[in-house]
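Every number in this text was worked out from the coordinates using simple rules, so none of it is lab data. Just so we're clear, the structure is a prediction, and the values are computed from it rather than from any experiment. Cβ atoms come from the backbone with ideal geometry, glycine included; neighbour counts cover every protein chain shown.
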Amino acid sequence: MLRYPNPIYSNSLKKKIKQINKTQARKLYEAGETVYLLPCLCRVDGIWVSPYPIDKEHAVWWGDSFDSDVLSFTNYNCCSELGKYPIFFKEIK
């Protein structure tokens, strides 16, 4: 079940985004599109945490995969207070 089933305008990103599941996020990432990650208990327009963009073109390490980028995000940004796993968003054009 999605926490945000309807499209949302993110003030921090200045874009309209929609929550998607991990399978859809993986397909978009592999197609070269930007996917946004956010810890599951955080608000989209929270002051302290905003959706983090990942894509193949701007991967931290050359040859990074979707799973390694998500794992890195999870290890550094997800905890019991913010949420133990990320949720995924795509931009609505």
If I stretch the segment between Asp67 and Gln24 completely, what's the gain in nm (0.36 nm per residue apart, minus their alpha carbon distance), one decimal?
14.2 nm
Can you pull out the chymotrypsin sites (Phe, Trp or Tyr not before Pro) in the stretch 1-89 that DSSP calls coil and that have at most 15 other Cβ atoms within 10 Å?
Trp48, Trp61, Trp62
Which of (i) 30, 29, 20; (ii) 39, 23, 22; (iii) 32, 31, 24 is the computed Cα extents along the principal axes in Å? It is (iii)
Count of lysine pairs in the chain with Cα atoms under 14 Å apart, counting only pairs 8 or more residues apart in sequence or on different chains?
11
In whole Hz, with x marking every Gly and Pro, tabulate ³J(HN,Hα) for the stretch 5-19 from phi via Karplus 6.51 cos²θ - 1.76 cosθ + 1.60, θ = phi - 60°.
x, 9, x, 10, 8, 9, 5, 5, 8, 6, 9, 8, 10, 9, 6
Computed [θ] at 222 nm, deg cm²/dmol, the chain (DSSP H ≥ 4; -39,500 (n - 2.57); rounded to nearest 500):
-6500 deg cm²/dmol
Ordered by residue, what ³J(HN,Hα) values in Hz, to whole numbers, does the stretch 41-55 give under the Karplus form 6.51 cos²θ - 1.76 cosθ + 1.60, where θ = phi - 60° and Gly and Pro are x?
9, 8, 7, 4, 9, x, 6, 8, 10, 10, x, 9, x, 10, 7
